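The values are calculated or read from the model by the stated rules, or taken from the named source; none is laboratory data. Owing to the predicted nature of the structure, the values given are computational and were not obtained by experimental measurement. Using ideal geometry, Cβ is built from the backbone for each residue, glycine included, and neighbour counts are taken over all protein chains shown. Note: areas computed on protein heavy atoms with side chains; ligands, DNA, RNA excluded. Shrake-Rupley method; radii C 1.70, N 1.55, O 1.52, S 1.80 Å.
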Amino acid sequence: MTVVELQNRISELEQELGILRASEDCYRRIVETTTEGVWLLDEQGLTSFVNGPMARLLGYGREEMLGRTAISFMAERTRALGEEKLARRRGGVAETYENLYCRKDGSEVWLLVKTNPIFDGQDCYTGALAMVTDVTERRRAEAAKNQLAAIVASAEVAIMSSDMHGRVTSWNRGAENLYGYTAQDMLGNSLSVLALNGEPDLTLSLIGRLELGGALDHVVVRRQRKDGQLVDVSLSLAAIHDDSGAVVGASAIGLDVTEACAAEERLRQAESQLRQAQKMEAIGSLAGGIAHDFNNLLSIILTYTKLLIEPLRPGDPMLADLARIDGAGERAARLTKQLLAFSRQQILEPQVLDLNEVVGGMEEMLGSLLGKQISLSLLGNQECGQTFADRGQVEQVLMSLIVNARDAMPNGGQVTIETQNVELDAAYAETNHGVKPGRYVMMAVSDTGVGMDAKTRARIFDPFFTTKEKGRGTGLGLSTVYGIVSQSQGHVGVSSEPQAGTTFKVYFPRTERQAAVLPANAAPTTLKGKETILVVEDEEGVRSSVRAILRRLGYRVLEASNGDEGLLVCEQYADSLHLLLTDVVMPGMNGRELAQRASKLRPETKVLFMSGYSENTIGRHGVLDPGVTYLSKPLTPDALARKVREVLDAPAVSLDRLDLSGSR
């Protein structure tokens with residue numbers, strides 16, 4: 001080779017070397033500026049080169065990593081995987097895998113390693129090149145996601161998701177338990193399968209409201225389980241967005257609030273019943289006060305009307321007019337009695353009653369009330385217990401319910417009266433205001449009539465409320481039933497639907513008392529007498545009418561306008577005083593107090609109370625104390641004459657032996 005040729009060759013080599021240096025510099029810049037770690041290993045697996053990012057990934061300087069095996073940087077528990085990968089690289093296998101490495105400071109880092117084996121011209125393995133990326137955060141996010149998925153999948157709370165059309169995309173174990181459908185049943189199917197039969201699916205409309213994003217919290221919907229059972233579910237929904245931010249579905253958390261809703265409904269009913277009871281109490285107080293004053297007026301009207309009628313002969317032109325006045329007074333007296341019953345201010349004379357015997361004794365009369373178009377069936381439970389109540393009041397309850405049933409069946413039908421023992425528990429008492437848990441005897445009156453809607457049922461016990469046309473009813477029948485039963489410590493309930501008939505159930509407390517055997521009182525042979533009677537009454541008109549009646553009957557009458565005057569008469573009157581006839585409610589000293597103090601002065605004197613209402617003055621809760629005799633206003637001459645004679649003829653019981661203390 002000539003000198004010229006040698007110089008040309010040297011020049012070519014220098015050019016090639018420059019190109020190689022430029023190429024090496026380019027590759028070096030690429031290797032150093034890449035965000036990925038570059039790790040070069042020799043055939044023994046020793047580090048021969050790392051770039052800056054690689055060294056920083058593990059927290060070492062470059063020189064510290066050179067000459068060390070890649071396996072030495074791995075977490076001890078994952079080195080077996082490193083040995084396996086090294087063997088595979090030597091076999092010429094390129095792989096991508098993730099493994100856990102230890103940083104210089106002892107912390108651990110997950111690295112994604114993409115390895116490519118390197119061979120020389122004779123296909124001999126000379127090492128490997130690895131491109132390395134830190135995937136620690138992604139692995140943590142995936143772990144958290146998997147943990148969350150596991151929590152969601154196993155949660156007892158129902159968690160589900162769907163697309164915007166309501167097609168289910170996820171369904172956890174809690175949803176399976178709540179709705180009875182498995183994930184296999186629901187995935188890909190519509191949520192509308194949970195809607196009540198025949199009703200639109202509210203969930204779809206709720207999902208539609210999420211299209212603009214946001215969330216809906218604690219929306220209560222009623223759903224139907226796979227087994228047909230209904231459940232109340234509180235749903236909290238949130239929108240699901242795709243990568244572009246568009247709403248593509250909804251996630252929902254569902255809580256079974258069936259019991260809570262039932263409790264809320266019970267509370268609502270209890271509050272409604274309490275308001276109703278308070279309203280009835282207020283109206284009752286007003287009605288009772290009116291009835292008391294009205295009874296005094298009626299006593300005067302009825303007494304003097306009957307006294308005017310008494311001497312008239314048949315055909316007298318005054319007789320018809322007075323009879324009309326008397327009839328109107330009697331109707332007013334019945335109305336007043338209903339007001340007192342509604343307001344629970346009647347005096348009750350309770351006795352041990354067998355409801356079967358009461359119903360059986362009224363069967364003929366009840367059949368007449370119903371008429372021929374309505375059949376009557378009695379289903380008396382022979383094991384039915386007894387109650388302690390006023391027989392006349394129980395009969396009035398039954399008659400009012402029968403009349404109500406008759407009016408509900410203008411075209412005829414069936415009425416059934418049933419008796420049985422029942423136990424009202426705490427749950428029933430919780431949803432029915434004023435009811436005490438315990439044992440009751442129940443009398444049910446059912447009809448096949450027109451029934452009632454919810455709005456009517458809510459008002460049926462209100463005084464003066466009636467569904468009958470004007471002039472056909474006072475609206476006091478059922479309110480009277482309510483008052484009588486309540487005063488007897490009982491309860492009345494109703495169930496009815498339009499065109500499906502009505503059932504009233506009346507509950508009276510069961511008693512273990514034995515029925516008292518009372519001696520039969522012989523009817524008075526005469527209504528007249530010569531005994532001395534002290535009349536104590538603050539209403540002058542009533543006092544005058546009572547005086548007129550008694551004097552016509554031959555009695556000697558002493559008068560007092562209040563308790564203090566009456567007590568003074570007891571102290572100062574020299575002769576015998578056979579009877580104290582006193583009003584109960586008077587200004588100052590009332591009738592009970594007068595009787596107590598008079599008993600110490602005149603123990604032989606008998607007592608007869610009269611009043612227009614109870615006011616808890618001569619009996620607890622309107623129940624007459626044993627041994628106390630009572631005459632209800634409005635007074636009539638015949639009733640007054642018979643009761644006075646009955647008391648005077650009865651065996652002597654001194655006042656100081658009567659229980660007038662009010663305790664029971």
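Using the structure shown, select from K85/K145; K528/K600; K226/K455; K455/K633; K528/K606; K600/K633 the pairs with a Cα to Cα distance greater than 25 angstrom.
Details: K85/K145 28 Å; K528/K600 28 Å; K226/K455 34 Å; K455/K633 37 Å; K528/K606 17 Å; K600/K633 28 Å.
Where the Cα-Cα span goes over 25 Å, the pairs concerned are K85/K145; K528/K600; K226/K455; K455/K633; K600/K633.
What region 360-433 shows is 50 Å² of accessible area per residue, with the surface traced by a 1.4 Å probe over protein heavy atoms. Computed from the C-beta positions of L6 and L129 and an R0 of 30 Å, the FRET efficiency is 0.20 to the nearest 0.05. Extending 7 Å from Cα along the Cβ direction at A328 and again at S377 yields two label points whose distance is 4.7 nm.
Express in nm, to one decimal, how much length is gained between N189 and D293 on full extension, taking 0.36 nm for each residue of separation and deducting their alpha carbon distance. Each step should come with its number before you reach the end.
Numbers: separation 104, 0.36 × 104 = 37.44 nm, distance 7.35 nm.
Between N189 and D293, full extension yields 30.1 nm more.
The peptide list 98-104, 109-115, put in order of mean Cβ contacts within 10 Å with the highest first, becomes 109-115, 98-104. The R167 and E259 beta-carbon pair, evaluated with R₀ = 35 Å, returns a calculated FRET efficiency of approximately 0.70. Converting phi to 3J(HN,Hα) with the Karplus coefficients 6.51, -1.76 and 1.60 and the offset θ = phi - 60°, region 243-252 yields 4, 8, x, 6, 7, 10, x, 9, 9, 9 Hz in sequence order, with x at every glycine or proline. Note on E364 and F49: the extension gain reaches 101.7 nm, defined as 0.36 nm multiplied by sequence separation minus the Cα-Cα distance.
Between R268 and K455, take the C-beta separation as r, use R0 = 22 Å, and let me know the FRET efficiency to the nearest 0.05. Each step should come with its number before you reach the end.
On the way: r = 16 Å, r/R0 = 0.74.
Efficiency at R0 = 22 Å is approximately 0.85.
Applying 0.36 nm per residue to the separation of T34 and E593 and subtracting their alpha-carbon distance, the gain on full extension is 190.2 nm.
Over region 148-240, the ratio between the Cα radius of gyration and 2.2 N^0.38 Å evaluates to 1.01. Under a 5 Å amide H cut-off, with hydrogens placed 1.01 Å from N, V135 pairs with W110, L111, L112 among residues at least 5 apart or on other chains.
Rounded to whole numbers, the Karplus 3J(HN,Hα) couplings from phi for region 139-149 are 5, 5, 4, 5, 5, 5, 4, 5, 5, 4, 4 Hz, using 6.51 cos²θ - 1.76 cosθ + 1.60 with θ = phi - 60°, and x at Gly and Pro.
Is region 375-459 best put as rounded, prolate or oblate by its Cα gyration tensor, with a ≥ b ≥ c the root eigenvalues, rounded for a/c under 1.5, and otherwise prolate when a/b is larger than b/c, oblate when not?
Values: a/c = 1.94, a/b = 1.30, b/c = 1.49.
Oblate shape, in that a/c is at least 1.5 and b/c is the bigger or equal ratio.
Couplings 3J(HN,Hα) for region 75-81, derived from phi with the Karplus relation 6.51 cos²θ - 1.76 cosθ + 1.60 (θ = phi - 60°), are 4, 4, 6, 10, 6, 4, 5 Hz, where x marks Gly and Pro.
Assuming a ≥ b ≥ c are the square roots of the Cα gyration tensor eigenvalues, decide whether region 531-571 counts as rounded (a/c under 1.5), prolate (otherwise, with a/b larger than b/c) or oblate.
Details: a/c = 4.21, a/b = 1.30, b/c = 3.23.
Verdict is oblate for region 531-571.
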